[in-house]
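The next block holds one structure in the form of structure tokens; read it before the comments.
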Amino acid sequence: MLAFAFSGVYAIVDGWFVGRNIGDAGLAAINIAYPLTALIQAIGTGIGMGGAIQIAICLGRGDEDENKYLGNTIFILLVACIISTIILGLTSQSILRIFGAEGEILNHAISYIKIIIYGATFQIIGTGLIPIIRNYNGSLVAMSSMIAGFLTNVVLDWLFVSVYSYGLLGAAIATVIGQMVTLLPCILFLTIKKKLFGFAIFKPMPYFFKKIIEVAVSPFGLTLSPNIVIIILNKGALSYGGAQAAACYAVVSYIICIIQLLLQGIGDGCQPLIGNYYGANNLKSVNEVRKMAYITAFTTSIVCMIVIYLLKDKIPNFFGVSDIVAQSISSVLPIFISGFLFIAFLRITTSFFYAVRKNLLAYILIYGEPLLLTALVALILPNILGLNGVWISVPLTQACLAVVGFILLKKYARLDTL
């Protein structure tokens with residue numbers, strides 16, 4: 001759980017330093033650019049989880065195809081690095097304009113995202129190897145490498161942004177170096193554990209490609225979907241509340257992102273066990289792990305709701321926003337935290353679906369959120385409630401999908417039918 005959470009907080013740390021040293025415009029710029037950063041993370045997470053689930057099932061069955069899944073997963077990660085860097089490098093400026101960035105905010109966002117794209121290889125491979133390492137009893141290595149990268153990012157953000165005033169360029173450089181620090185122990189662990197220098201393991205095989213990608217679509221979407229939500233809400237905030245509303249949502253989204261990552265970490269953290277037990281046809285243990293994941297996620301959600309509500313007037317000051325934006329954040333946070341229990345249920349349910357190869361059910365929940373939210377934000381609620389309609393659409397969407405998830409779980413994914 002902690003390893004996954006640390007994988008997604010680099011931009012949040014950047015936002016904290018930028019907000020305190022540059023102000024509302026810098027904060028809004030990072031938030032507008034963040035979906036591109038998250039896309040890079042989602043590519044690595046999706047491919048890595050796709051391979052990790054197949055590896056876990058093979059380990060449960062004692063299947064020798066495990067090594068082929070490992071080699072093909074790493075091969076796909078390397079190809080994804082090349083393609084992502086080229087495509088995003090050519091299109092990022094146009095994409096930022098589509099997201100609503102202009103003027104000073106656009107300039108800040110470009111200076112930040114171009115460095116992130118140059119270093120995309122470190123993030124894609126790093127986040128891709130983390131779930132694989134967990135399957136080889138490397139949870140401590142995964143967590144330690146993420147913490148090391150995170151601490152490196154914090155120190156370098158302070159140095160480049162606060163001390164040397166390099167602005168968003170410095171924040172991006174700090175992030176890339178932090179991701180490189182995360183990657184190195186992962187490579188070392190797998191090299192020792194699986195002797196990766198034997199190049200025969202990397203032989204590409206279409207059958208294994210297909211199996212990995214079939215599963216990868218779910219964790220990819222699960223990681224990216226909240227950031228499609230960020231794009232939708234950023235445009236809604238800019239349309240109905242201007243730059244101040246965008247800065248308000250930047251801080252709110254950072255807080256929500258941390259909780260979502262924790263909850264997704266719980267779901268993905270139980271994945272190796274569920275996959276292994278499912279592969280061994282031990283459905284009783286699958287049920288026990290799933291039940292524990294739900295309890296942990298709901299408990300985490302309730303604690304986070306209480307803490308954030310009690311600190312809602314203090315959090316804005318932490319990011320150094322203006323007084324007007326601070327007041328908006330304090331009033332908006334309770335709306336967003338009302339959806340935490342729904343998020344907890346959805347994250348665990350979706351992770352369970354793709355861990356037992358119920359991929360279509362996972363797709364419905366993952367990609368339903370941005371589609372439903374788009375309809376609510378673009379067509380309905382803001383026209384009635386203005387800016388408040390933009391905010392209320394989020395927990396409303398999560399509640400609707402939680403109902404859908406409960407129905408799918410009961411009707412199509414009972415343990416006696418797996």
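A short reminder: the numbers here are calculations on the coordinates, not readings from a lab. Keep in mind the model is a prediction, meaning the values are calculated, not measured. Don't worry about glycine lacking a Cβ; one is built from the backbone with ideal geometry, like all the others, and counts go over all protein chains shown.
Return one number: the angle in degrees, 0 to 90 and rounded to the nearest 10, between the long axis of the Cα atoms of helix 323-337 and the longest principal axis of the Cα atoms of the chain.
Helix 323-337 sits at roughly 40 degrees to that axis.
In terms of Cα to Cα distance under 16 Å, which aspartates and glutamates are near enough to residue 211, apart from those fewer than 8 places away along the same chain?
63, 64, 65, 66
At 7 Å along Cα-to-Cβ for each site, give me the label-to-label distance between residue 410 and residue 324 in nm.
4.8
List the longest stretch of the chain that has no exposed loop site; here a site is one of the trypsin sites (Lys or Arg not before Pro) assigned by DSSP to anything other than H, G, I, E or B, with at most 12 other Cβ within 10 Å.
1-194
I need the phi-derived Karplus couplings for segment 290-305: 6.51 cos²θ - 1.76 cosθ + 1.60, θ = phi - 60°, integer Hz, Gly and Pro marked x.
My calculation for segment 290-305 gives 4, 4, 5, 5, 4, 4, 5, 5, 5, 5, 4, 4, 5, 4, 5, 4 Hz in order.
Go through segment 111-121 residue by residue and turn each phi into a ³J(HN,Hα) via Karplus (6.51, -1.76, 1.60, θ = phi - 60°); whole Hz please, and just put x for glycine and proline.
Result, ordered by residue: 4, 7, 6, 5, 6, 4, 5, 4, x, 4, 4 Hz.
Would you list 349, 45 from fewest to most Cβ contacts within 10 Å?
Ascending number of Cβ neighbours within 10 Å: 349, 45.
Report D for segment 225-264 in µm² per second (integer): Stokes-Einstein, Kirkwood Rh on Cα pairs, 10 °C, 1.306 mPa s.
154
May I ask you to compute the full-extension gain from residue 147 to residue 180, defined as 0.36 nm times their residue separation minus their alpha-carbon distance, rounded to one decimal in nm?
Additional length available on full extension: 10.7 nm.
So what's the angle, to the nearest 10 degrees on a 0 to 90 scale, between helix 206-269 and the longest Cα principal axis of the chain?
Orientation of helix 206-269: about 10 degrees from the principal axis.
Select from 220, 148, 158 the residue farthest towards the positive end of the dipole of segment 119-250; place +1 on Cβ of Lys and Arg, -1 on Cβ of Asp and Glu, and compute about the Cα centre.
Selected residue: 220.
Taking the Cα of residue 87, stepping 7 Å toward and past its beta carbon, and measuring to each backbone N in segment 97-127: which are under 13 Å?
Output list for this probe position: empty.
Please report the net charge: other residues with Cβ closer than 14 Å to the Cβ of residue 49, K and R +1, D and E -1.
+2
So what's the angle, to the nearest 10 degrees on a 0 to 90 scale, between helix 66-98 and the longest Cα principal axis of the chain?
It works out to around 20 degrees.
Which pairs break 25 Å Cα to Cα here: 291/411; 210/358; 68/284?
Long pairs (Cα-Cα over 25 Å): 68/284.
How would you classify segment 126-267 from its alpha-carbon gyration tensor, with a ≥ b ≥ c the square roots of the eigenvalues: rounded for a/c under 1.5, else prolate if a/b is greater than b/c, otherwise oblate?
oblate
What distance in nm separates the simple spin-label points at residue 64 and residue 164, each placed 7 Å from Cα in the Cβ direction?
5.3
Give, as a single signed number, the net charge of other residues whose beta carbon lies under 13 Å from the beta carbon of residue 277, with Lys and Arg counted +1 and Asp and Glu -1.
+3
Determine the dipole magnitude for the chain: charges of +1 sit on the beta-carbon of Lys and Arg, -1 on that of Asp and Glu, nothing else is charged, the reference point is the Cα centre, and the result goes in debye to the nearest 20.
1040
What aspartates and glutamates sit close enough to residue 314 to cross-link, taking a C-alpha to C-alpha distance under 15 Å and skipping anything fewer than 8 places away on the same chain?
List returned: 323.
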